[in-house]
1. Three principal axis extents, largest first, for the C-alpha atoms of the range 13-126, in Å?
2. Which of the listed residues, A213, A305, A336, is farthest toward the dipole's positive end in the chain, when Lys, Arg count +1 and Asp, Glu count -1 at the beta-carbon?
3. Suppose every K and R has +1 on its Cβ and every D and E has -1 on its Cβ; what is the size of the dipole of the range 128-306 about the Cα centre, in Debye to the nearest 20?
4. Semi-axes of the equivalent ellipsoid for the chain, please: Cα gyration tensor eigenvalues, times 5, square-rooted, ordered largest first, whole Å.
5. State the extension gain, in nm to one decimal, for the chain segment bounded by R327 and V98, taking 0.36 nm per residue of separation less the distance between their alpha-carbons.
6. Let's test the formula: R0 of 45 Å, r as the Cβ-Cβ distance of R107 and Y234. What FRET efficiency results, to the nearest 0.05?
7. To the nearest 500 deg cm²/dmol, what mean residue ellipticity at 222 nm is calculated for the chain from DSSP H runs of n ≥ 4 alone, each contributing -39,500 (n - 2.57), summed and divided by the residues?
8. Rounded to the nearest 20 debye, what is the charge dipole size of the range 237-378 about its Cα centre when +1 sits on each Lys and Arg Cβ and -1 on each Asp and Glu Cβ?
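Each value in this text was obtained by applying a stated rule to the coordinates, not by laboratory testing. On a predicted model such as this, the values are computed, not experimentally measured, just so you know. So basically every Cβ, Gly included, is an ideal-geometry build from the backbone, and we count neighbours across all protein chains shown.
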Amino acid sequence: MRLTRLALHQFRSYAALTWRPRARLVVLFGANGSGKTNLLEALSLLVPGRGLRGARLGDLARRGGDGRWAVAGRFATPSGETEISTGTPEEGPAERRVFRLDGAPVRSQGEIAARLAAVWLTPAMDRLFAEGAGARRRFLDRLVLALEPAHARAVAAQDTVLAERHALLARERSEPAWLDAVEDSIARHAVAVTAARASLLARLNTALSAGAAGAFPPARATLTGAIAERLAAYPALAVEEWLRGELARDRARDAAAGGTRLSAQRADLVVTDAATGLAAADASTGQQKALLIGIVLGHAALLAATRGEAPLLLLDEVAVHLDRARRSALFAALAALDAPVLLTGTDRETFLPLAGLAEGLSVGDGRLQPDAAFPAPP
């Protein structure tokens, strides 16, 4: 897969931009605030979800405009060219976002996920292993979605029925039959979500143990939580039945707590260095970054083997916290990976080892300027 064209209209700092990449590897450099991350964010919005910043729709439009924006990406794939676009509808509220696939509306975002997978690393993720479990679940779900396009729908459905249960429990009196039905949905969705997460981690661990992380430390990733532990020992239907029973017994407790004790949203992703046993949460910032990069590289290799193509990789300020040896290892891994990759940084010299392999562009004032130090790759 190759990115062959990116078009932006009234998106963030770009009034209008049409860019045709000349290489599979692209390096974007410039001062902070020059618009590098905005380009990566635009591409991240071509897959389901809220993009690499998790921004509100109202924050995506260029300031001073009418509140509408659009992003379109064209990709060359083994089965031919395809174009994915997203943005505010031409006619309709600016608070809505729509997708189009090859110019036609899509019935579900799963159609988009089946065509394009994207994974990203941002500076905010440098503390992924030191902060709350929610960020780690979102990272894991992005990895799952790349292999299982229906996963996003299952996660959203679980959130919806959890909210319904909370609303029912908040009432002074609720029909038990309604709660039974909602808890049945929670059990089915929670087990499906947990099973998809656990399956992805099992396959990822296998890939990492086989050397998919290259020179980066191989990670060992585990899903924790009561539902995951139960699924490791019992069939899915038995876990659903157990969860329905637990939810019914927890009604008074959960009503008082204002939350559900047992759900897939109580899970956590725990990562350790497979070689040393060091928990990522206890590692240095540089070690955490290396483990995270290894996971992304292993996931890309897994996708290439499973889907036949690796994901679009968006690496924002990825060289920060990496020493020279690990930067060299990263560049070598990306050069060998058959996938479209965009990297950003403030210092062009950091990326000079990629000269001859990558397209290098200076970013600023809403424009992309080719850099002479990065000749067109063959």
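1. 39, 36, 28
2. Of the options given, the answer is A336.
3. 260
4. Taking √(5λ) for each eigenvalue gives 37, 26, 18 Å, largest first.
5. The R327-V98 span can extend by a further 78.6 nm.
6. Efficiency computed from Cβ-Cβ geometry: 0.80.
7. Rounded to the nearest 500, the figure is -12500 deg cm²/dmol.
8. Around 320 debye, computed over the range 237-378.
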